[in-house]
Amino acid sequence: QVQLVESGGGLVQAGGSLRLSCAASGIIVSRVYMAWYRQAPEKARERVASINISGTTFTSDSVKDRFTISRDRAKNTVYLQMNNLKPEDTAKYSCFAQSGGNYWGRGTQVTVSS
């Protein structure tokens, strides 16, 4: 059974940093496509960053140069390092894995105050 558990969200002032973690079980993060999505109230879900099997990463234009996705094989965890946070980054951030099917974590809330 695949489980994705996010952590690391919270309240931070604009300009601050957070690191989100997505601990996976039932899959090996380095062998599947993994991504971070976010959704703010009354807005569409947005893919923020992703990493594929070969390690190639993608980051959306809205967070480019501020957010970085990475993975730790030993911990079977995917991270999202978020720097220079802005109020518009406030959203619920969810981890996604594609491995024969689509799997989602429950998400972690990130709130950035101005």
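The values are calculated or read from the model by the stated rules, or taken from the named source; none is laboratory data. These figures come from a predicted structure and were not determined experimentally. As a convention, Cβ positions derive from the backbone with ideal geometry for all residues, glycine included, and neighbour counts pool all protein chains shown. SASA here: full protein model, heavy atoms, side chains in, ligands and nucleic acids out. Shrake-Rupley method; radii C 1.70, N 1.55, O 1.52, S 1.80 Å.
Ile69 satisfies every condition listed in (1) loosely packed, with under 12 Cβ neighbours inside 10 Å; (2) within 12 Å of the chain's Cα centre (by Cα); (3) of a type outside the set (Ser, Thr, Tyr) except (1). In region 40-63, the qualifying residues are those that are under 19 Å from Val78 (Cβ atoms) and among the aliphatic types (A, V, I, L, M), and the one that is surrounded by the fewest Cβ atoms within 10 Å (Cβ to Cβ) is Ile53.
Within region 11-20, the presence of a residue that is open to solvent by less than 30 Å² (accessible area, probe 1.4 Å), assigned to a strand (DSSP E or B), of a type in the set (Val, Ile, Thr) and over 15 Å from Val110 (Cα atoms) is excluded. Filter region 1-53 down to residues that are among the basic types (Lys, Arg) and within 11 Å of the chain's Cα centre (by Cα), then give me how many there are. Qualifying residue count, region 1-53: 3.
Ser30 satisfies every condition listed in (1) of a type in the set (S, T, N, Q); (2) part of a strand (DSSP E or B); (3) within 15 Å of Leu4 (Cα to Cα) except (2). Taking region 78-111 as the region of interest, how many residues are open to solvent by 10 Å² or more (accessible area, probe 1.4 Å) and either outside any helix (DSSP H, G or I) or of a type in the set (Asp, Glu) (or both)? Adding up the residues that qualify gives 23. Take the conditions (1) among the basic types (Lys, Arg); (2) out of contact with any strand residue (DSSP E or B) (no Cβ under 9 Å at 6 or more places or on another chain); (3) not in a loop (DSSP other than H, G, I, E, B); Lys64 misses just one of them, which is (3).
The residues of region 21-39 that are surrounded by 14 or more Cβ atoms within 10 Å (Cβ to Cβ) and farther than 18 Å from Tyr79 by Cβ amount to a single one, Gln39.
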